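Everything on this sheet refers to the single structure shown next.
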Amino acid sequence: MDLLTFDHSFVKVNGITMHVAEKSPSVSGNGALDGVINRPPVILFLHGFPELWYTWRHQMVALSSLGYRTIAPDLRGYGDTDAPERVDAYTSLHVVGDLIGLIDAVVGDREKVFVVGHDWGAIIAWHLCLLRPDRVKALANLSVVFDPWNPKRKPISMFRSFYGDDYYICRLQECGEIEAEFAKLGTERALLEFLTYRSPGPILLPKGKRYDDHVSLPSWLTDCDVKYYVSKYEKNGFTGPVNYYRNMDRTWELMGSLSKAQVKVLVKFVIGDQDLTYHIPGTKKYIHDGRFKSHVPLLDEVVVIEGVGHFLHEERPDEISKHIHDYFGSF
């Protein structure tokens, strides 16, 4: 996909400079503008790990053609956005602060936007809606369910109890260790370990793991796509993105005052039945037994797509774009 079809800018937010990609609505679009050319509805896309704004390229093109102004930043620490050196500068509170600054810059300090998140972007989207529901019209979230604060479920200890020390989230905790392993492995091969993962089972990264010399790309991931990701990670490294994982317990501690809080934003949730997040112990039951709805009372719809893995918005781009448009178009 031609990167020149997107506009790129840099915005000062919350003490950092954030890179933002944008696709303006087509004049010929319909269904969202309702004749108001100057103020099209805005969709804010939030990427996950190890992605960048680029992961939303298909949805940005599709939805801008339907009259939406689509905006996708590189989140703090990723791509061409600043990466603060302090490890503790990557809590959800920091990233939500960045996004509020971005929303202010895009639509003003009193307006709302539609939000779409995936993976870490989904986690941040839940926290954005929890902390600042006044800035979100509606949310279409992918892959990661809302995880209500639980005093007995400190994240890293929980994942270690599920999967052991070799689980990737546990292996990312020690500063510098995984960066050194990825440097030895090579940026492209390290990225492909995650981008091509399509198993419902957990990602395990035991120390001294032997990696295949060649990885076959899925049909939805091209050599050009990989080169774009590699170019950004070779420039800025993995530390910023990995620091999100290193702050999971810290964010949990900071969110303790919200133990009884609900997400009171209109939500549609979409997940693939082969997504590893769908198979985290207890998640399927939580989604389908009513507890998810009890914590997200304005949850309108849950969609489980058969035969789709974690990167569902890339694997089924047209289908996911339609889900987003069908939902946001109803407002």
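The trypsin sites (Lys or Arg not before Pro) of the range 159-220 that meet both conditions, a loop assignment by DSSP and at most 14 other Cβ atoms within 10 Å of the site Cβ, are Lys207, Lys209, Arg210. Straight-line cross-link partners of Lys235 among the lysines, defined as a Cα under 27 Å from its Cα and at least 8 positions apart when in the same chain: Lys12, Lys23, Lys184, Lys207, Lys209, Lys227. Peptides 142-149, 213-220, 311-318, ordered by how many other C-beta atoms sit within 10 Å of their residues on average, highest first, read 142-149, 311-318, 213-220. Taken along its principal axes, the alpha carbon cloud of the range 35-104 reaches lengths of 46, 24, 17 Å, longest axis first. For Lys293, list the lysines whose Cα falls under 20 Å from its own Cα; do not include residues on the same chain fewer than 8 positions away. In chain and number order, the partners are Lys137, Lys260, Lys264, Lys268, Lys284, Lys285. Once you reduce the range 209-227 and the range 235-263 to the center of their Cα atoms, the two points are 29 Å from each other.
For Val136, the amide hydrogen comes within under 5 Å of the amide hydrogens of Val113, counting only partners 5 or more places away or on other chains and with H modelled in the peptide plane.
Once volume of the Cα convex hull per residue in Å³ is calculated for the structure shown, the corresponding label among (1) 363; (2) 284; (3) 128 turns out to be (3). Here the sum of -39500 (n - 2.57) over DSSP H runs of 4 or more residues, divided by the residues of the chain, equals -10500 deg cm²/dmol at 222 nm, to the nearest 500. Computed from backbone phi, the HN-Hα couplings of the range 220-236 come to 8, 10, 9, 4, 5, 4, 4, 4, 5, 4, 4, 4, 7, 6, 5, 6, 10 Hz, rounded to whole numbers (Karplus: 6.51 cos²θ - 1.76 cosθ + 1.60, θ = phi - 60°; Gly and Pro given as x). Nonpolar atom fraction for the chain, defined as the carbon and sulfur part of the 1.4 Å probe accessible area, stands at 50 percent.
With a 10 Å cut-off between alpha carbons and a GNM built on the chain, which of Ala122, Ala180, Ala83 moves the most? Among Ala122, Ala180, Ala83, the largest GNM mean-square fluctuation belongs to Ala180. Largest GNM mean-square fluctuation across Arg291, Arg135, Arg57, computed for the chain with C-alpha springs under 10 Å, falls on Arg291.
With all protein chains kept in place, the per residue accessible area of the chain amounts to 43 square angstrom at a probe of 1.4 angstrom. Taking every alpha-carbon pair within the range 137-278, the share separated by more than 28 Å comes to 28 percent. Cα centroids of the range 153-184 and the range 275-331: 26 Å apart.
The values are calculated or read from the model by the stated rules, or taken from the named source; none is laboratory data. Note that this is a predicted model, so its numbers are computed, not measured. Glycine gets a Cβ as well: all are built from the backbone with ideal geometry, and neighbour counts include every protein chain shown. The area values use the complete protein model at the heavy-atom level, side chains included, leaving out ligands, DNA and RNA. Shrake-Rupley method; radii C 1.70, N 1.55, O 1.52, S 1.80 Å.
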